Structure formats: structure tokens, C-alpha cells
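To start, the structure under review is shown below, and the notes come after it.
The values are calculated or read from the model by the stated rules, or taken from the named source; none is laboratory data. Here the structure is a predicted model, which means the values were calculated and not measured. Positions of Cβ are generated from backbone atoms using ideal geometry, with glycine treated the same way; all protein chains shown enter the neighbour counts.
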Amino acid sequence: MLFFSLFKTLVGKEVTVELKNDLCISGALHSVDQYLNIKLNNTRVHNEQKYPHMV
């Protein structure tokens, strides 16, 4: 519950999520649930040359 409470305080702020395959996505945190599933608004990819399909 500690991480869930931390993420709830970040709702509406700009965050960066790094996935297991080294893909980094930034966006405004829209929501988070107790399983740490997140929703982002206004997303963008950090390395567009490596992941052109994500643009």
C-alpha cells in the first residue's frame, strides 16, 4: 500500500515509466489502482528512433 499511496499523490503530474524492454514513456498520470496499473495522458516515447511504431 505504500507505493499505491505514493502514486496517488502523483496523479495529474508528469511521470516517466520505464518498461522491462527499456522502453521509456512519459505522460501525465491520469490514474493508478491498487495493482499499480497506470493510465497516462499525453504520452510520448523517449527514443523514437528505436521504437518508431510507438510514435
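List of remarks:
- Residues of region 34-55 classified as of a type outside the set (K, R), free of Cβ contacts under 8 Å to residues at least 12 places away in the same chain and surrounded by 10 or more Cβ atoms within 10 Å (Cβ to Cβ), total: 1
- Some residue of region 38-52 being modelled with pLDDT under 95, of a type in the set (A, V, I, L, M) and in a loop (DSSP other than H, G, I, E, B): no
- You will find that of N37, N21, the residue that is of a type in the set (S, T, N, Q) and within 10 Å of the chain's Cα centre (by Cα) is N37 and no other.
- Scanning region 19-33 for residues that are loosely packed, with under 11 Cβ neighbours inside 10 Å and either assigned to a helix (DSSP H, G or I) or in contact with a strand residue (DSSP E or B) (Cβ under 9 Å, 6 or more places away or on another chain) (or both) turns up just one, L19.
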